[in-house]
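J.: This structure is in structure tokens; I'll ask about it shortly.
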Amino acid sequence: RCLSDWSSDVCSSDLLPREQQLRVEAAYYRLQPSFARAAEVLRALVTFYPDELDYRFLLIDALNEAGLYRESVAEIAAMRALPAPLNQDPRIDWADMKTAHKQTDFPRRLSSARALEAKARGLHADWLLAEALLREAGPLARANQESQAYAALTQAREI
């Protein structure tokens, strides 16, 4: 939209740097909700700023909400292929765990939760560790490993 002042018409999008324009546009489409369109805009941000993990996580969320799980899994794989330390971010495992949950892919959900658990232990991040243990319980129970599921829940509760 354009704003009018006394001397000339100035478009509000011209007032923001391109990065902020794309962020606002992505937020707008997420609020619509038009998650597929938000994913397109977020893909542009990821293309321009490949090392900015927050844009990648927003993209994964938009792809999941749009039901574009294959693309979401591909983006997670691309994040895992980034150089260290970017590829060690525990949020990658969290995003994979969420995507696997939406896909009802319980083995991958368990694998991601266990990877998240290992990173949380290494970081001494109790909250994250408890969350990882909670996320392990469901897939373990579905795999008829009730004792392990109970142990994970018990340990999470103790934390």
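J.: State all residues of the stretch 106-159 that are among the polar types (S, T, N, Q) and within 11 Å of Asp93 (Cβ to Cβ); if no residue qualifies, say none.
T.: Ser111, Ser112
J.: Do the conditions hold for Leu82, that is, is it over 12 Å from the mean Cα position of the chain (by Cα) and outside any helix (DSSP H, G or I)?
T.: In short, yes.
J.: Let me ask something else about it. Does any residue in the stretch 1-28 that is closer than 28 Å to Thr47 by Cα come within less than 6 Å, Cβ to Cβ, of a residue that is loosely packed, with under 13 Cβ neighbours inside 10 Å and modelled with pLDDT of 55 or more six or more places away or on a different chain, and which pairs are these?
T.: Partner pairs satisfying both residue conditions: Arg1/Ser12.
J.: Shifting gears a bit: Could you tell me whether the stretch 3-14 includes any residue that is open to solvent by 40 Å² or more (accessible area, probe 1.4 Å), among the aromatic types (Phe, Trp, Tyr) and at pLDDT 95 or above?
T.: The answer is no, given that none of the residues of the stretch 3-14 is open to solvent by 40 Å² or more (accessible area, probe 1.4 Å), among the aromatic types (Phe, Trp, Tyr) and at pLDDT 95 or above.
J.: Let me ask another. Only one of Arg23, Arg70 is modelled with pLDDT of 95 or more, open to solvent by 90 Å² or more (accessible area, probe 1.4 Å), under 24 Å from Asp105 (Cα atoms) and not in a loop (DSSP other than H, G, I, E, B); which?
T.: Arg70
J.: In addition: Quick test of your reading of the structure: Leu63 fulfils all but one of (1) over 10 Å from the mean Cα position of the chain (by Cα); (2) within 17 Å of Ala100 (Cβ to Cβ). Name the failing condition by number.
T.: The number of the failed condition is (1).
The values are calculated or read from the model by the stated rules, or taken from the named source; none is laboratory data. Keep in mind it's a predicted model, so treat the numbers as computed, not measured. Positions of Cβ are backbone-derived with ideal geometry, glycine not excepted, and every protein chain shown enters the neighbour counts. Surface areas here come from the heavy atoms of the whole protein model, side chains and all, with no ligands, DNA or RNA. Shrake-Rupley method; radii C 1.70, N 1.55, O 1.52, S 1.80 Å.
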